[in-house]
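Step one of this worksheet: look at the structure below.
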Amino acid sequence: MTKINGIAASNGIAIAKAYKLVMPDLTVTQATIADVDEEVAKFKAAVEQTSKDLETIKSVAAKNLSDDEAAVFDAHALMLGDPEFQGQIEAKIKDEKLNGGAAIETVATTMAAMFESIPDQYFQERAADVKDVSRRLLANFLGKPLPNPTLIDEEVIIVADDLTPSDTAQLNSFVKGFATNIGGRTSHSAIMARSLEIPAVVSCKTITEDVQDGDMIALDGIDGTVIINPDEETIQAYIQKRDAYLAEKEELKKLVNEKTITTDGHQVELVANIGGAGDLPGAHDNGAEGVGLFRTEFLYMESADLPTEERQFEVYKEVLESMGDKPVVVRTLDIGGDKKIEALPLPEEMNPFLGVRAVRLCFQREDIFRTQLRALLRASVYGKLRIMFPMIATLQEFRKAKGILMEEKDKLVAEGIEVSDEIQVGIMIEIPAAAVLADQFAKEVDFFSVGTNDLVQYTFAADRMSSGVSYLYQPFNPSILRLLKHVIDSAHAEGKWAGMCGEMAGEAIAAPLLIGLGLDEFSMSATSILAQRKLINSISKSEMDKLVEKALNCCTMDEVVDLVKSTVNI
Ligand code: PEP
Ligand code: MG
């Protein structure tokens, strides 16, 4: 039995077998082979195995994914079966006596580069197909098959170095939790775990080495610990802890239809962060009073193709209709940083979180941006839509984004398509430059939503993915509280509202402080809503005002946390 400490990233307890999601090393070196026939036979066997794998993945994926999403595997099968592709590899083996692994790699690289050089979306996507299918083929050729998380059919806990948001999006309901080597509370894999309502522990450093496939694991997403091969007594203790956690969750359900209102009558809105229509049941079941952040980038991760205007329209309409007269804040595409999409390969950057990300990318690819805005505008008549631009640093950026939105609106109206006149247009405050200038921004936007995951990383210059600097994720540091005060006061001075959609909004310690600061809307993983409501319903605004006065004058985050804990029972 071994205990590993990590960072608690998503609440809950899971006890299941480990499934290691570790990519094998597929490095090949060029060599001359002696037996050409044997190498060709080995290559053909790998093609056959890959074809079988794709069939199986497709049939399983078809149950969990939409037709469009499952069709990706058809594209891969087509590429694999392409006589030109196979012929070129065989020719390299036969004519050049090149070893099969190097032959696969050389042909795949040349073919992908050829597709990539054609500036057309269709060919960019084919390049991604070639890379994907060749990796699977090479893995089979080398006898190191790739793990297939879509095929998991028994309860497991995933163990991985990190899970990308697109890996996380593919997990099925047999996955009971995950533990990773790297990551922090605000990395996107952690955020997805919370929306999937599965426990997760991140930043376990060497968990992929410490655990063997099939080892029993007790995963504690409340305390951030992982026990490998627990003894019977430990398993029983965790079963009890899990049951207590589930019982508390059940108790909180009583608050589903309640308002969120302090003991002295100050009401706020608790809304949900969602990544797609699939998160709607969770939002409703947890008493969300709307959606405060729809991270639309997950729509773009569903398949190797960019989502069409029609596909996006359908999803936005579904979300808006499902929420009825409750507000839905949709954030425009925020790709970059740790979020990558297959359909839009981005150039490597030294500092991806500081590079061409979010709205910056949308300005480079206005075609993609305009498609999304049109879909949103068309859907606006089906509910209470609010549109929000991410990663705004300057007023010019906001004006430009809004200008493009208005152009698309005018075009739609000219085409005779109905668009709501009541769409609020706001920005995320996640870059310190925007927070500092919030008084000027407030004159032009309809609302602010503070993205503390990024605001904290940019204020402290500490990468949110790096466990080495995770101690600098300090949302309760007085520096952040002062920025928040300025942002919220600036919004109110112009009669606008201020919300928060970073993970801070769902943290217990934050609730008293944010109530004192006057935050209007708290947007969080749906699973945090009821606990936060219970807490806010037990405190008084006037006392929290006094608490915040003191907190703003503290020197360190620890002082703030102690102050909150000594005032409120948390
Ligand atoms: C944030 O930065 O706080 C935020 C909500 O956006 P994301 O986590 O998607 O970057
Ligand atoms: Mg952000």
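The values are calculated or read from the model by the stated rules, or taken from the named source; none is laboratory data. No experiment lies behind these values; they were computed from the predicted model shown. Reconstructed Cβ throughout: ideal geometry from the backbone, glycine too, with neighbour counts over all protein chains shown. Keep in mind that these areas ignore ligands, DNA and RNA; they rest on the heavy atoms of the full protein, side chains included. Shrake-Rupley method; radii C 1.70, N 1.55, O 1.52, S 1.80 Å.
Hey, can you tell me all the residues within the range 276-296 that are within 24 Å of L361 (Cα to Cα) and surrounded by 24 or more Cβ atoms within 10 Å (Cβ to Cβ)? Result: G292, L293, F294, T296.
Pairs needed: first member in the range 327-353, modelled with pLDDT of 85 or more; second member anywhere, within 11 Å of ligand 1 (Cβ to nearest atom) and of a type in the set (F, W, Y); C-beta distance under 8 Å; at least 6 residues apart or different chains. Listed by first residue and then by second, the contacts come to V328/F294; V329/F294; V330/F294; R331/F294; G336/F353; G337/F353.
Entry remark, the range 113-129: residues being modelled with pLDDT of 90 or more and surrounded by 18 or more Cβ atoms within 10 Å (Cβ to Cβ) number 0 in total.
Could you check, for the range 355-369, whether at least one of its residues is touching an Asp or Glu at 6+ places or on another chain (Cβ under 6 Å), modelled with pLDDT of 95 or more, over 28 Å from D120 (Cβ atoms) and not acidic (D, E)? No, the range 355-369 has no match at all. Contact map, the range 216-229: first residue farther than 16 Å from G184 by Cα and among the polar types (S, T, N, Q), second residue assigned to a strand (DSSP E or B) and at pLDDT 95 or above, Cβ cut-off under 6 Å, separation 6 or more or different chains; pairs are N229/M216. A single entry from F441, F448 fulfils the requirement of being more than 15 Å from ligand 1 (Cβ to nearest atom), open to solvent by less than 10 Å² (accessible area, probe 1.4 Å) and either without any contact (Cβ under 8 Å) to a residue 60 or more places away in the chain or out of contact with any strand residue (DSSP E or B) (no Cβ under 6 Å at 6 or more places or on another chain) (or both): F441.
Within the range 179-222, how many residues turn out to be part of a strand (DSSP E or B) and of a type in the set (V, I, T)? Looking only at that region, the number is 4.
Residue count for the range 494-506 satisfying the condition of being of a type in the set (D, E, K, R) and within 16 Å of ligand 2 (Cβ to nearest atom): 1. Looking at the structure I just gave you, is G426 within 17 Å of V328 (Cα to Cα) and either buried (at least 24 other Cβ atoms within 10 Å of the Cβ) or within 16 Å of ligand 1 (Cβ to nearest atom) (or both)? Spelling it out, G426 is indeed within 17 Å of V328 (Cα to Cα) and either buried (at least 24 other Cβ atoms within 10 Å of the Cβ) or within 16 Å of ligand 1 (Cβ to nearest atom) (or both). Those residues that are open to solvent by less than 70 Å² (accessible area, probe 1.4 Å) and farther than 27 Å from D545 by Cβ, I need them from the range 254-271; list them, please. Within the range 254-271, just V256 meets the criteria.
Within the range 456-483, restricting attention to residues that are within 11 Å of ligand 1 (Cβ to nearest atom) and touching a Pro at 6+ places or on another chain (Cβ under 7 Å), the residue that is farthest from A393 (Cα to Cα) is V456.
The set of residues in the range 312-339 being within 15 Å of ligand 2 (Cβ to nearest atom), over 16 Å from M388 (Cα atoms) and either touching a Ser or Thr at 6+ places or on another chain (Cβ under 9 Å) or in a strand (DSSP E or B) (or both) consists of G336, D338, K339. Within the range 150-170, the residues that satisfy the criterion of being touching a strand residue (DSSP E or B) at 6+ places or on another chain (Cβ under 7 Å) and open to solvent by less than 40 Å² (accessible area, probe 1.4 Å) are I152, V156, I157, I158, V159, A160, L163, P165. For the range 465-479, the count of residues that are over 30 Å from A247 (Cβ atoms) and β-branched (V, I, T) is nonzero. Cβ-Cβ distances below 9 Å connect the following pairs, each with a first residue in the range 488-505 that is assigned to a loop (DSSP other than H, G, I, E, B), a second residue that is of a type in the set (F, W, Y), and a separation of six or more residues or different chains: K496/F447; K496/F448; C501/F522. Looking only at residues in the range 467-493 that are open to solvent by 40 Å² or more (accessible area, probe 1.4 Å) and of a type in the set (S, T, N, Q), which one is farthest from G184 (Cα to Cα)? Top of the filtered list is S479.
Conditions tested, residue by residue: (1) within 16 Å of ligand 1 (Cβ to nearest atom); (2) at pLDDT 95 or above; (3) within 25 Å of M23 (Cα to Cα); (4) not acidic (D, E).
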residue: L171; (1), (2), (3), (4): no, no, yes, yes
residue: F174; (1), (2), (3), (4): no, no, yes, yes
residue: G184; (1), (2), (3), (4): yes, no, yes, yes
residue: H188; (1), (2), (3), (4): yes, no, yes, yes
residue: M192; (1), (2), (3), (4): yes, no, yes, yes
residue: A247; (1), (2), (3), (4): no, yes, no, yes
residue: T263; (1), (2), (3), (4): no, yes, no, yes
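In the range 353-376, of all residues being touching a strand residue (DSSP E or B) at 6+ places or on another chain (Cβ under 7 Å) and part of a loop (DSSP other than H, G, I, E, B), the one that is nearest to V291 (Cα to Cα) corresponds to A358. Having 3 or more residues that are among the hydroxyl-bearing types (S, T, Y) and within 16 Å of ligand 2 (Cβ to nearest atom) is the bar; report the helices (runs of 4 or more DSSP H) wholly within the range 377-485 that clear it. Qualifying helices (runs of 4 or more DSSP H): 452-460.
The residues in the range 286-324 that are closer than 30 Å to K249 by Cβ, away from ligand 1 (no atom under 16 Å from the Cβ) and charged (D, E, K, R) can be counted, and the count is 4. One residue alone among T556, T527, T567 is among the β-branched types (V, I, T), open to solvent by 10 Å² or more (accessible area, probe 1.4 Å) and closer than 19 Å to G287 by Cα, and that residue is T527. If you scan the range 262-286, which residues turn out to be under 16 Å from A193 (Cα atoms) and part of a strand (DSSP E or B)? Within the range 262-286, A272, N273, I274 meet the criteria. Annotation: Q236 fulfils all but one of (1) assigned to a loop (DSSP other than H, G, I, E, B); (2) surrounded by fewer than 17 Cβ atoms within 10 Å (Cβ to Cβ); (3) over 19 Å from the mean Cα position of the chain (by Cα); the unmet one is (1). Considering (1) buried (at least 18 other Cβ atoms within 10 Å of the Cβ); (2) outside any helix (DSSP H, G or I); (3) under 24 Å from the mean Cα position of the chain (by Cα), the lone condition that I4 does not fulfil carries the number (3).
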